[in-house]
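Visitor: Okay, handing you the structure first.
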Amino acid sequence: MPDSFPQLCCSFAERPSKVGVSYHNAAYRALGLDYTYIAFSVQDAPSAVQALRTLGIRGCGVTMPHKQAVIPYLDHLDPAAAEMKAVNTIVNDDGLLTGYNFDWSAAKQALQEATSLENKEAVVVGAGGASRAVVYALVSSGARVRLYNRTLDKAVSLAEEFGLVSAYPLAELPQVGAYDIIVNTTSVGHHALGETVVPPELIHPDAVVFDVVAEPLETTLLDQAKAKGARCVAGHRMRLLQAAEQFRIYTGVEPPLDVMQAALLEASKPHLTTDDANR
C-alpha cells in the first residue's frame, strides 16, 4: 500500500460498537501512526473475509457470532486459535490471512492481576465463545474448572473438549460448593442493570469474581461481589488487554495502554451504572 494512504484496520460485528473504534484510533493518534480503525456490521462472514483481501485491510477484530464462522476462509491459524476453534483477530500479510485468538491471553492476564491460577478451583458459567477463551486460559494455567450452562449438552461437549473436571446444568449452580474463582461468560448483565446469572449468596469474601461483560463497566455481578468483599475482575479489563495484543500485531509497536484505557472509559460513559455516574 502506498505510503500516502493510511493502513486500515477494522472489526466485524453484528452490532458494531464505538468503543473499539475509539481506543484503537486514540492509540494511533497518540503515537502518530498512519492507521485508521473502523467497525463494520457484518452478517456474511465469508464475504467479509474476502473483503479483507480485496481491500488490503491490515487487521480485523472478530466478534460473536463470527469467531468460528471465519475459520474456513483463512489461510493459517495460530496454535491457540486452532486449539480453541475460535478466532478474534485476523491479520493480513500481503493477502495471507492468519487467525489469532487473544481473548484467552487477555482473560488469563486479567485474572492473574487478581490471583494466581495454578491449582485453583474455578467455576465458569456459560459455554459459548467467551467461555472457550476463559476455559482455555484457566486450564492452560493449571486451574481445575467446573462448567455450568443452561443447555447441559453444550456444556458437556465443551468440558470433554478441554478435559474439564465436570459440567452441570445452570440450575445446579446454587449447589456449587467450594471454589476460588467464579466467572460469568454469558451475556447476562450486558446493557441491563439489575441482571446477574450468579446468585449473590454464592459470592464469598475470599472469591475472585470475573464478569466478561464489558458494558456496563460495573455490572450487577461485580457490584454484588464488591459488596461481599470479593476481588473483582472487570470485563473491560479483558477487552483492553486483547485490544493491546491486536495493536501490537497490527502495527509492530507497543501500545499506549493508558491512552487506550482512557478512550475506552470515555467511550463507555453512557453505559455507566448510576453509582459510577455519581462518583
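Visitor: Once the Cα atoms of helix 129-140 and of the chain are each reduced to a long axis, what angle between those two axes, in degrees from 0 to 90 to the nearest 10, is obtained?
Guide: The helix 129-140 is inclined about 70 degrees to the chain.
Visitor: Right, next: Of the cross-linked pairs K85/K228; K120/K226; K108/K226; K67/K228; K108/K269; K67/K226, which ones have a Cα-Cα span greater than 29 Å in the structure shown?
Guide: K85/K228; K67/K228; K67/K226
Visitor: Would you list K269, K67 from the most to the least accessible area, probe 1.4 Å?
Guide: The most accessible residue leads, giving K269, K67.
Visitor: For the chain, compute the orientation-averaged projected area of the C-alpha convex hull (one quarter of its surface), in nm².
Guide: In nm², the orientation-averaged hull projection of the chain is 14.4.
Visitor: In debye, nearest 20: dipole of the chain around its Cα centre with unit charges on the Cβ of K, R (+) and D, E (-)?
Guide: 200 debye
Visitor: Of D223, D206, D93, which has the most accessible area and how do the rest follow, probe 1.4 Å?
Guide: From most exposed to least exposed: D206, D93, D223.
Visitor: Then there is this: I need the chymotrypsin sites (Phe, Trp or Tyr not before Pro) found in the stretch 2-31, filtered to DSSP loop residues with at most 16 other beta carbons within 10 Å of theirs.
Guide: none
Visitor: Along each of the three principal axes of the Cα atoms of the stretch 115-179, give the extent in whole Å, ordering the values from largest to smallest.
Guide: 29, 24, 17
Visitor: Give me the distance between the Cα centres of the stretch 20-99 and the stretch 144-175, rounded to whole Å.
Guide: Distance between centres, Cα-based: 30 Å.
Visitor: Any idea what angle helix 103-112 forms with the longest principal axis of the chain, computed on alpha-carbon atoms, 0 to 90 degrees, nearest 10?
Guide: Its long axis makes an angle of about 50 degrees.
Visitor: Still on this structure, please answer the following. Looking at the chain, what % of its DSSP beta bridges pair antiparallel, to the nearest 5?
Guide: The antiparallel proportion sits near 20 percent.
Visitor: Please determine, in degrees from 0 to 90 and to the nearest 10, the orientation of helix 235-251 with respect to the longest principal axis defined by the Cα atoms of the chain, where the helix direction is its Cα long axis.
Guide: 30 degrees
Visitor: Tell me, what is the per residue accessible area of the chain in Å², probe radius 1.4 Å?
Guide: 44 Å²
Visitor: Another question, then. Defining a contact as two alpha carbons under 8 Å apart and six or more residues distant in sequence, what relative contact order in percent does the chain show?
Guide: That works out to 16 percent.
Visitor: Just the number, please: carbon plus sulfur as a percent of the accessible area of the chain, 1.4 Å probe, no ligands or DNA/RNA counted.
Guide: Whole-percent figure for carbon plus sulfur exposure: 51.
The values are calculated or read from the model by the stated rules, or taken from the named source; none is laboratory data. Just so you know, these numbers come straight off a predicted model, no measurement behind them. With ideal geometry, Cβ positions are generated from the backbone for all residues, glycine too; neighbour counts draw on all protein chains shown. Side chains are part of the model used for accessible areas, which takes the heavy atoms of the whole protein and leaves out ligands, DNA and RNA. Shrake-Rupley method; radii C 1.70, N 1.55, O 1.52, S 1.80 Å.
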